[in-house]
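Single-structure report; data block below.
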Amino acid sequence: MRKRALLITGAGGEIGHGLIARLSATSETPIITLDVAPLEASLTPYVAREFTGSIMDGALLERILAEFDVDLIFHLAALLSTRAEFTPVTAHQVNVEGTLNLLEFAQHEAESHGRPVVFMYPSSIAIFGLPDLDTKAAAGRVREDDWNCPTTMYGCNKLYCEHLGRYYTHHYKQLAAEPPAGHVDFRCVRFPGLISAITVPSGGTSDYAPEMIHAAARGEQYDCFVRPDARIPFMAMPDGVEALLKLAAAPRERLSRTAYNLGAFNPSAEEVAAVVRASFPGAAIGFKVDAKRQGIVDSWPADVDDAAARADWGFAPEFDFARAFSEYLIPTIRRRYQGEGLVR
Ligand code: SER
């Protein structure tokens, strides 16, 4: 008999950290993880079985399939937008071929146990591409199907995988003589920049906000790599994790879309710097613009319309800009730097 489990890929990353702790408190299903690096010690007590390896390793996925009965997957493994620009072919392999491998894994799981496999996928504001700042200013809160013209490899990868997920959910093997017994139930949120008090992201383009906050907490000088007026949406990590869990639990018939925009607050880089200076007196924040990363941020919307997520499955972020700092980021970061240390 195979053992029942839910699978998290990229479990040791930013989102995985918050998700594992939260899931282990709320879900009775044992958690199994797949990550290229071993999980850090603080996460392993929550995990029934840890696989260290790549989502590109078909034999490893076969082993997991043979041993575990999985009907919920959080496929978090990815190379983020800045890193992907340096190694676009590798990014495509990990972000697209890796996702295809996981979708096939999910399909085989569904066929083997005859139940749908809910496949949770974090997409991104990077799937949008606005051609210039005037258009960005005029566009305001961008809706899901507008401006789907990404300028980064990561954005192209995420947008295509949204479509792959839709294909697996609604059209997989549509010409086959016999329809497959089970199927993938793909559900996707498009995260804005995520800000965690526990981890510092690596390789993303929205990293300037979390980097600024964590540098100030460490008493280090920080040069922000985008202009003070750069504006994109952000969200506090607990709201991101909650959104994944809420969408995973939503009744299928309530979902009118495959991919949902999510937003919470959308400060400019200068507004973030001002709150960080007020929270950490003495914070030394400068601006040293990296034209290429600035170009990516300029192509992302200043805000998103997330009405569909609110209407279909009750998305309601707890933290606005002020509360994200006063009730989550500042107290949690202070505690961590004073005592437990920070996960890097
Ligand atoms: N935070 C991600 C990045 O900057 C976007 O999804 O790449």
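No value in this document is a laboratory result; all are computed from the given coordinates. The model shown is predicted, which means the values in this text are computed figures rather than measured ones. Note that each Cβ is placed from the backbone with ideal geometry, even for glycine, and that neighbours are counted across all protein chains shown.
Here is how the numbers come out for the structure above:
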read-out	value
Segment 144-264 - Kirkwood radius from inverse mean 1/r over Cα pairs (Å)	17.1
Test item: Cα-centred dipole of segment 107-225, Lys/Arg +1 and Asp/Glu -1 on Cβ, debye	240
ASP229 paired with SER256, simple spin-label distance in nm, labels 7 Å along Cα-to-beta-carbon	3.6
Segment 147-159 - phi-based ³J(HN,Hα) in whole Hz, Karplus 6.51/-1.76/1.60, Gly and Pro as x	6, 7, 9, x, 9, 10, 4, 4, x, 4, 4, 5, 5
Folded to 0 to 90 degrees: helix 98-113 orientation relative to the chain principal axis, Cα	40
Cβ-based exposure ranking for GLU111, GLU211, GLU178, GLU50, in which fewest neighbours within 10 Å come first	GLU178, GLU111, GLU50, GLU211
Dimensionless Rg ratio for segment 1-127, taking C-alpha atoms and the 2.2 N^0.38 Å reference	1.02
Other-chain or far-sequence residues with amide H under 5 Å of PHE265's (modelled H)	PHE234
Cβ-derived FRET efficiency at R0 30 Å, TYR167 paired with LYS288, nearest 0.05	0.10
Sparse-neighbour loop sites [GluC sites (Glu not before Pro); segment 233-304; at most 14 other C-beta within 10 Å; DSSP]	none
Proximal lysines relative to LYS292, as straight alpha-carbon distance under 22 Å, when same-chain residues fewer than 8 apart are discounted	LYS136, LYS158
Net dipole in debye of the chain [+1 Lys, Arg Cβ; -1 Asp, Glu Cβ; about Cα centre; nearest 20]	380
Two-site FRET efficiency, ALA177 against GLU62, from Cβ-Cβ distance with R₀ of 22 Å, rounded to 0.05	0.30
Rounded to whole Hz, the Karplus (6.51, -1.76, 1.60) HN-Hα couplings of segment 136-146, x for glycine and proline	4, 5, 6, 6, x, 7, 7, 7, 3, 9, 9
Separation of the ALA311 and ALA41 label points, Cα + 7 Å toward Cβ, nm	5.1
Estimated vicinal HN-Hα couplings, Hz - segment 262-269 in sequence order (Karplus 6.51, -1.76, 1.60; Gly, Pro = x)	9, x, 9, 8, 9, x, 6, 4
Inter-site label distance for ARG218 and PHE321 at 7 Å from Cα along Cβ, in nm	2.6
Dipole of the chain [Lys/Arg +1, Asp/Glu -1 at C-beta], most positive-end residue of ALA259, CYS156, ALA311	ALA311
Sorted by Cβ neighbour density within 10 Å, fewest at the top, the residues HIS92, HIS170, HIS75	HIS170, HIS92, HIS75
Value of Rg/Rh across the chain [Cα atoms, Kirkwood radius]	0.96
Computed lengthening from GLN93 to ASP134, 0.36 nm per intervening residue step minus Cα-Cα distance	11.3 nm
Amide H partners (placed H, <5 Å) of ASP185, local residues excluded	VAL117, VAL118, PHE119
Nonlocal amide H pairs with SER124, under 5 Å, H built at 1.01 Å	PHE191
Alpha-carbon gyration tensor eigenvalues x 5, square-rooted, for segment 69-127, Å	27, 12, 7
